[in-house]
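Each remark here refers to the structure printed beneath this line.
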Amino acid sequence: MSPAPAYSVVVPTIGRPCLAECLRALAAAEGHPPHEVIVVDDRPAPDGDLPLEPAGLLLDRVRTLRTGGRGPAAARNAGWRTVRTPWTVFLDDDVQVLSHWSRLLAEDLRAAGEDVGGIQGRLRVPLPLDRRPTDWERNTAGLENAAWATADMAYRTAALTRVDGFDERFPRAFREDADLALRVQRAGWTLCRGSRITCHPVRPAHWWASLPVQRGNADDVLMNRLHGRDWWTRAQASRGRLPRHLAVTGAALAAASCALAGRRRTAVALAALWTLGTAEFALTRILPGPRIAREIAGMLGTSVLIPPLATRHWLRGVVRHRHAVPLGGDR
């Protein structure tokens, strides 16, 4: 059997405690260790050293870089551009590879044809067994079906070089991986799913955690500009509820306008549409969940706030990315 190609691991981090568990799991994986582990410190203002000791036997292969809070796309770019191995494996700092990960990764890399530019790991999100999962837990579990997620994604370093890596206009961990995948495929490479498995625990979150997530609607605008409106299908991505959020928000604004103009009946009808839309959204999130008081209260509150917040971020994206040039240069 031919030897497996060498690879380097790039882990962007903002110093979360989960980094220690990520490095510990990577060190415990048997079979085909990485040539190097590049931990990219993206904290805007580091207030101490990162916890690298859990890397154990791999500690002498760990190298750190600093990017000063420029976001995960920039952090990953800083990491892979220093790689000297044929393959670069991106891991998020909140994942934990399983014990056979290195061995199965070796099989993935060995089996890759010359046309294969990237190989995705299989993510597993552990959910509670004694109750129904919360809305936040279900959203995290959606990563199991996400295509080309860089939580565990191996790319041929030559493919990254050809497309110049991640687009740093994506400032958060959202859509930057889908954008890269589409550009790698556009450059003539194929992407596939591998056999290795990585655990992605659900990180603790406040009841309002779904509100900051709405910033991603601005990134969807950039995806539309770069890749066309059919990118959802090609990237195997979920379409989301933005059209409904726009409609619900529009109904609320129109109801307020009609009320101010003295058009009472129209205002009442539009307010009823807003109420129905908001109730449908809340029930969609509440019914599959544990239905405990705290979860229900959080879902009710955020279901009122999410539509206008999503609309606001979408409009900001429309303005911010109005000059973005589609791939190929055609407007």
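The values are calculated or read from the model by the stated rules, or taken from the named source; none is laboratory data. Every value quoted in this text rests on a predicted model; they were computed, and no experiment measured them. All Cβ positions, even for glycine, are placed from backbone atoms using ideal geometry, and neighbour counts span all protein chains on display. All accessible areas refer to the heavy atoms of the entire protein, side chains included, with ligands and DNA or RNA removed. Shrake-Rupley method; radii C 1.70, N 1.55, O 1.52, S 1.80 Å.
Side notes on the structure shown:
- Solvent-free Debye scattering, log10 I(q)/I(0), computed from the Cα coordinates of the chain at q = 0.07, 0.08, 0.11, 0.12 Å⁻¹: -0.33, -0.43, -0.78, -0.91
- What a 1.4 Å probe finds exposed on the range 189-323 is 65% carbon and sulfur by accessible area, rounded to a whole percent.
- Each 10 Å bin from zero holds the following percent of Cα-Cα pairs in the range 178-275: 12, 26, 27, 21, 10, 5, 0.
- Note on SER238: accessible area approximately 90 square angstrom, rounded to 10, probe 1.4 Å, nucleic acids and ligands left out.
- Shape analysis of the range 61-133 places it in the oblate category; the axes a ≥ b ≥ c from the Cα gyration tensor give an a/c of at least 1.5, with a/b not above b/c.
- Prolate/oblate/rounded label for the range 248-331 (Cα gyration tensor, a/c 1.5): oblate
- Part-to-part distance (alpha-carbon centres) for the range 212-276 and the range 7-85, which is given in Å: 39
- Computed label-point distance, nm, for sites CYS18 and ARG241 using a 7 Å Cα→Cβ extension: 2.3
- Computed from phi, the 3J(HN,Hα) profile of the range 112-123 under the Karplus parametrisation 6.51, -1.76, 1.60 (θ = phi - 60°) reads 5, x, 5, 8, 7, x, x, 9, 8, x, 9, 8 Hz, with x in place of Gly and Pro.
- Sites THR190 and LEU276 - FRET efficiency at Förster radius 51 Å, r taken between beta-carbons, to 0.05: 0.65
- Using the alpha-carbon positions of the range 15-145, Rg (one decimal) and Dmax (whole number) come out as 16.0, 47 Å.
- 5 angstrom amide H check on GLY69, placed H, neighbours 5+ away: ARG43
- Annotation: the range 132-191 has a Kirkwood hydrodynamic radius of 12.8 angstrom, from the mean reciprocal C-alpha pair distance.
- Which of LEU26, ILE14, THR88, positive extreme of dipole for the range 1-150 (C-beta unit charges): THR88
- Given the chain, longest segment not containing exposed loop GluC sites (Glu not before Pro) (DSSP; at most 11 other Cβ within 10 Å): 115-331
- A convex hull fitted around the alpha carbon atoms of the range 123-234 yields 123 Å³ per residue.
- Sequentially through the range 90-99, phi angles give Karplus couplings (6.51, -1.76, 1.60; θ = phi - 60°) of 8, 10, 7, 6, 9, 10, 9, 5, 7, 4 Hz, Gly and Pro residues having no value and appearing as x.
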